[in-house]
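See structure below.
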Amino acid sequence: MNAQWIWLSPRLHPDRQATRLATSFDQKVPQGQRFTVAQFQCVFPLPKPLLQARLLVSADTTYHLSLNGKPLVSGPATFGGDWLEMPRPMPWYGDVCLWEADGAESLHFDALVCLGPVALCDHSLGQGGFILQAELLYQDGSREWLLSDSSWQARVLPAFQEETTYDGSLSPSPWAPAVPIPLPRPLLPSPLPPRQETPILPEGRRSLEIPPGETRDFVVEFSRIYCGYPTLEADGPCRGELQCFEDSPAHPHDRLTITLAAPSLSFQAFHAHSVGGYLLTVVNQDATRPLTLTPGLVETCLPTPQKGEFRCSDPGLEAVYQVCRWTLRICRQNLHLDSPKHQEPLACTGDYYMETLMTLGTFGDMTLAEFDLLRTAQMLEANHGRLFHTSYSLIWVQWLRDVYRFTGNLSLIQQCLPALRLLLQRFRTYMGPEGILDNPPDYMFVDWLVVDGFSLHHPPKYLGQTVLNAFLHGALHNAAALFALLGLPQEAQEAKAWAESLSQACRRLLYDPEKQLFFDGQETPSPQVSFYLPENPPRRHYSRHANILAVLYGLVEGEEARALLRRVMDSDLPEVQPYFMHYTLEALEKTGLFSAYGMALLRRWIPLAQECPKGLKEGWFPPQPDYAFDFSHAWGGTPAYQLPVRLLGLELLEPAFRKIRLTPRLLGLAWAEISLPTPYGLLTCSLKKGEPPRYALPPGISAELSHAPLA
């Protein structure tokens, strides 16, 4: 049973139909198109007692659906893909939700839908639309379908004048029948649960008073940074301005202009913002009576049924874990966001890989990671194995392998196999005659730094070549493991052989035996030059980045790798930002040097948590003088993974925690208590200096446990 896409009548609303596909492409808005929020409504009398309704719903683009006056689900599940425009359309997903009957005699559906993309992560079909199908299960066991079609009513809400302007004095247009539209895009059900939406009250005063005819400024603060929709209610007409901020009122970002008057004295932002608070300037337009305002926020995020915990004798490290875990929570939406402030499209694979590892140490649920992996695979297939970020496309292979280790989901690897093959074929074309990557479209992304006047977001060859080759070497070994899991020994062997020849070439061409360091790239000209691949100057540069990745991804191994990493750690080479520090910590663990350096590096996050306990600051130092960090960026949150996993000494001996090894260590702490989510429930461990560890493992996990007293 298939529902129809419906939209506003083109006869009544000719300038509220077509739209551009995304905000990130150089596209013109169709001529005459106006910012639009449409409302769709259907009232369905129930012929007999209802047990439950199962819904599949989507829209183009952002929507909020209520049922019988209560919020039900918001979306859509389909989000914008890469920064590159896809040569063919991507699959379109619908949100799935279950509604339990509450004795109602009818179903009243009410949907608000925004026409076209607003946030960077939004994606459109080029035409406004709404679609819903509901399977109704009655108490007598019979079933019935309720579908979006021309029986639904539609109208425009002119109060939403622009994405940043709301005028509640503007009345809705008259209701008219919705019009079925030719959007031949079948819905695939999203595997994600509906996001939970929770009203949040500000700290301090819950209501604000403004004398008759006067203007007042207020600072509305919340205890944390949220991803959500600012709200405002008034008991009389007023107009004002709302400016969101994250860490401090001194750093506002998103600005909303709001007018409240009959017929609407309440406002809820249509699109989510990153909100640690907001500045509010309001004019009481009534010269005879005082005005009472009630500010608030509706938080949105994916449900988190399990919650890991980390406590220890160092309060600073506890605070670091907490702020990293919270920042991950607000970035877990219908895709992994880089941050609720930026809301970038599904193109920041390195960010999502970090967030997946953080999820292992905090919430445990890998459904979002699996969905993002699959959607990234679909982008790779649509674009012949290419993503905008070359290094991030290689991280996708490691991400896929690690999620298999965490979940045991072999079918996901099978689904992603065509994309994996295309990715490797694509990188074959980037190889130079000397056996290393020499002609990729770019060498990005390395780190959020500026070196020699070049951004390491998109560096020239001499600053990015070794990093990209190291990522490729790691991807080839991960690909070989994935091919082997799928019973493809020839492809596994081909990947290993390619990795071996790449390693030899990197040692020959990118290693300085005199300095005993890898340098960052060759001085030779790049075959092509663009904004994202600057012309290569005749320079040689050495960094932590290239050498750390050479160790982590096996360009050197054994004692040689250990010695190289010690040289790097004890050197005066420029420092890395929190994002890249993850790879440093991983390399230290691989070489057995974590106990020597790891905890000191993790304590570098303590000043960030002290500066803003409401959310995680993006970096330690600005990459350039005019850059303003956000405080909601999860890519720097590796301590939420490193702290519990390294202290537990966790090793996954079989996928999905079926068999593990725990070798706990305190690493200089006096005590620690850890709760780690697993597919079987919470694993807990209590550590205290001089005593053996105490464990509580959920049934279903086979474990090799160390019982040695802790030093």
Inset, instruction - Could you check, for the range 545-553, whether at least one of its residues is surrounded by fewer than 22 Cβ atoms within 10 Å (Cβ to Cβ) and free of Cβ contacts under 8 Å to residues at least 60 places away in the same chain? - result: no
Inset, instruction - Can you confirm whether the range 117-124 contains a residue that is assigned to a strand (DSSP E or B) and of a type outside the set (A, V, I, L, M)? - result: no
Legend entry - Selection within the range 14-55 - open to solvent by less than 30 Å² (accessible area, probe 1.4 Å) and closer than 14 Å to Val179 by Cβ: Arg16, Gln17, Ala38, Phe40
Legend entry - Out of Leu653, Leu676, Leu667, sole residue that is touching a residue at least 12 places away in the same chain (Cβ under 8 Å), open to solvent by 20 Å² or more (accessible area, probe 1.4 Å) and part of a strand (DSSP E or B): Leu653
Inset, instruction - Go through the range 1-99 and tell me which strands (runs of 3 or more DSSP E), entirely inside it, have 2 or more residues that are more than 14 Å from Asp110 (Cα to Cα). - result: 50-60
Inset, instruction - Would you mind stating whether Phe531 is farther than 30 Å from Gln414 by Cβ and either of a type in the set (A, V, I, L, M) or surrounded by 20 or more Cβ atoms within 10 Å (Cβ to Cβ) (or both)? - result: no
Legend entry - From the options Glu355, Glu370, residue that is within 13 Å of the chain's Cα centre (by Cα) and within 22 Å of Tyr553 (Cβ to Cβ): Glu355
Inset, instruction - State whether the residues of the range 155-171 include one that is closer than 24 Å to Leu107 by Cα and among the charged types (D, E, K, R). - result: yes
Inset, instruction - For the range 197-212, indicate whether the set of residues that are open to solvent by 60 Å² or more (accessible area, probe 1.4 Å), more than 30 Å from Leu373 (Cα to Cα), part of a strand (DSSP E or B) and touching a residue at least 24 places away in the same chain (Cβ under 8 Å) is non-empty. - result: yes
Inset, instruction - Could you please find all residues in the range 659-699 being in contact with a Leu (Cβ under 6 Å, 6 or more places away or on another chain) and of a type in the set (Gly, Ala, Ser)? - result: Ala672, Ser675
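Just the residues that are under 14 Å from Leu456 (Cβ atoms) and hydroxyl-bearing (Ser, Thr, Tyr), please, taken from the range 519-541.
The one that is under 14 Å from Leu456 (Cβ atoms) and hydroxyl-bearing (Ser, Thr, Tyr): Tyr532.
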Legend entry - Filter result for Leu410 (within 16 Å of the chain's Cα centre (by Cα) and surrounded by fewer than 24 Cβ atoms within 10 Å (Cβ to Cβ)): no
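Yes/no matrix, rows are residues, columns are (1) of a type in the set (Ser, Thr, Tyr); (2) open to solvent by 10 Å² or more (accessible area, probe 1.4 Å); (3) closer than 22 Å to Arg508 by Cβ:
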| site | (1), (2), (3) |
| --- | --- |
| Arg401 | no, yes, no |
| Tyr404 | yes, yes, no |
| Leu422 | no, yes, no |
| Arg428 | no, yes, yes |
| Glu434 | no, yes, yes |
| Leu449 | no, yes, no |
| Gly453 | no, yes, no |
| Gln465 | no, no, yes |
| Asn469 | no, no, yes |
Inset, instruction - Scan the range 489-496 and give yes if some residue there is over 32 Å from the mean Cα position of the chain (by Cα) and aliphatic (A, V, I, L, M), otherwise no. - result: no
Inset, instruction - Have a look at Val275, Val298 and point out the one that is open to solvent by 10 Å² or more (accessible area, probe 1.4 Å), part of a strand (DSSP E or B), within 30 Å of Phe363 (Cα to Cα) and in contact with an Asp or Glu (Cβ under 9 Å, 6 or more places away or on another chain). - result: Val298
Inset, instruction - Name, by its number, the condition in (1) of a type outside the set (Phe, Trp, Tyr); (2) out of contact with any strand residue (DSSP E or B) (no Cβ under 6 Å at 6 or more places or on another chain); (3) within 20 Å of His271 (Cβ to Cβ) that does not hold for Asp110. - result: (2)
Inset, instruction - Out of the residues in the range 56-107 that are in contact with a helix residue (DSSP H, G or I) (Cβ under 7 Å, 6 or more places away or on another chain) and open to solvent by 10 Å² or more (accessible area, probe 1.4 Å), state the one that is modelled with the highest pLDDT. - result: Pro91
Inset, instruction - Would you be able to say whether some residue in the range 418-428 is more than 28 Å from Ala546 (Cα to Cα) and touching a residue at least 12 places away in the same chain (Cβ under 8 Å)? - result: yes
Inset, instruction - Test Asp235 against the stated conditions and say whether it is open to solvent by 20 Å² or more (accessible area, probe 1.4 Å) and touching a helix residue (DSSP H, G or I) at 6+ places or on another chain (Cβ under 9 Å). - result: no
Inset, instruction - Return a yes/no flag: does the range 175-196 have any residue that is closer than 30 Å to Phe222 by Cβ, outside any loop (DSSP other than H, G, I, E, B) and in contact (Cβ under 8 Å) with a residue 24 or more places away in the chain. - result: yes
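The values are calculated or read from the model by the stated rules, or taken from the named source; none is laboratory data. Everything numeric here is computed off the predicted structure, so don't read it as measured data. Because the Cβ atoms are built from the backbone with ideal geometry, glycine has one as well, and the counts that use them run over all protein chains shown. Ligands, DNA and RNA are stripped out before the accessible areas are found, and what is left, the full protein with its side chains, is counted by its heavy atoms. Shrake-Rupley method; radii C 1.70, N 1.55, O 1.52, S 1.80 Å.
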